[in-house]
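Comments concern the structure below.
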Amino acid sequence: MFARVDFVRRWRLWFAISGILLAAGILAIALGRLEFGIDFRGGVQFTATDASRRLDEGELRDQLPSFVEQDAVIQRLGEGGYEVRTPVLDRQQTNQVQRAVQEALGAEVSVTSVSPSFGEQVRDQALQAVAASLLIIVFFITVRYEFAFALAAMAALVHDILMTVGFYAIVGREVNLVTVVAVLTVLGYSLYDTVIIFDRIRENSPSVGYNRRRFDEVINTSIRQVIRRSIYTSVSTLIPVTALLIFGRSTLTDFAFALLVGIAAGTYSSIFIASPILSLYKAWRAGKLNVAASSSRPAR
């Protein structure tokens, strides 16, 4: 099935597919569709479980005080569960909203409040965690292989992060701490897939000299040797993740959605992004990079 696919020389096609999806995600972010949860921007979250009265979102919104009626984000949490998120409120306003939700649903309501300064601190720490992970990965792969491999792996990981965040913006899902945990999980999964291919490339590479045509064939051969394993592993992982997305509760579905997008993007980037970038960078360093020739040469 994959014997005739030229994974390296058809890099323009693979990059174009990713470019279209990434552009759609960046456009959604630019249009303000990326929603940050109260973990990052601060606010108040009201959670009700086992509500005795079932209301749709519009009916519950009508029961809220006027000062939060338009700004509140209301979400159903399975059977009998509701979550209402509002901007930052003072104590009196918080009590008013809590009473209104309790009376509307006939259920106990718990309150979680996060200040804007704390949310900003959490956001900064999340970005630092992702950045530190990427730097450690670059160092590890540079030591284990060489910098060219680290650069290709970094490009693939950044691709996966942007793809996950972009899809969050496209579908309008809320970014919270669970999203950060899922992204870090995806980085580990994607790196594992990429390292398997890189390890096979190193094993198959000749020990003396560099020849671009020969190196590209080594990459193609190495990918063909492991691609079925990568796809089967991804599919077997995505099945329970998809079930969790469909049947899980709110927090679990956020985690599952990030994993679903990230694992799919990671499998794709390991094969179609990291490996071509490795080839292009090695050719550039050797002074043998001819973009027009590399893209027009027919696959064998």
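Observations, loosely collected:
- R0 of 35 Å, Cβ-Cβ distance Arg53-Phe139: FRET efficiency to nearest 0.05: 0.05
- Proximal charge balance of Ser52 [Cβ under 13 Å; K/R count +1, D/E count -1]: -2
- With every protein chain in place, the stretch 170-266: carbon and sulfur % of accessible area (1.4 Å): 64
- Point-to-point label distance, Ile231-Ile246, nm (Cα→Cβ direction, 7 Å offset): 2.2
- Size of charge dipole - the chain - debye, nearest 20, with Cβ of Lys, Arg +1 and Asp, Glu -1, no other charges: 2180
- Taking the average, over residues, of other Cβ atoms within 10 Å as the packing measure, peptides 53-61, 150-158 rank 150-158, 53-61 from highest down.
- Rounded to the nearest 10 square angstrom, Tyr189 shows an accessible area of 50 square angstrom against a 1.4 Å probe.
- Taking every DSSP beta bridge that has both ends in the chain, the antiparallel portion is near 90%.
- All other residues whose Cβ lies under 12 angstrom from that of Ser269 are scored, Lys and Arg at +1 and Asp and Glu at -1, for a net of -2.
- Fully extending the segment from Leu31 to Asn211, taken as 0.36 nm per residue of separation minus the present Cα-Cα distance, adds 60.2 nm.
- Sites Glu120 and Val171 - FRET efficiency at Förster radius 25 Å, r taken between beta-carbons, to 0.05: 0.50
- Local charge for Val171 was computed over the other residues whose Cβ lies under 14 Å away, with Lys and Arg +1 and Asp and Glu -1, and equals -1.
- Note on Ala23/Ala131: beta-carbon distance plugged into 1/(1 + (r/R0)^6) with R0 of 25 Å gives a FRET efficiency of 0.60.
- Per-residue ellipticity at 222 nm, computed for the chain from helices alone with -39500 (n - 2.57) per DSSP H run of at least four residues, works out to -23000 deg cm²/dmol.
- Highest average first, the peptides 124-132, 18-26 ordered by how many other beta carbon atoms sit within 10 Å of their residues are 18-26, 124-132.
The values are calculated or read from the model by the stated rules, or taken from the named source; none is laboratory data. The structure presented is a predicted model; accordingly, all values stated were derived computationally and were not measured. Heads up, the Cβs are rebuilt from the backbone with ideal geometry, glycines too, and the neighbour counts pull from every protein chain shown. In case anyone asks, the SASA skips ligands and DNA or RNA and just uses the protein heavy atoms, side chains included. Shrake-Rupley method; radii C 1.70, N 1.55, O 1.52, S 1.80 Å.
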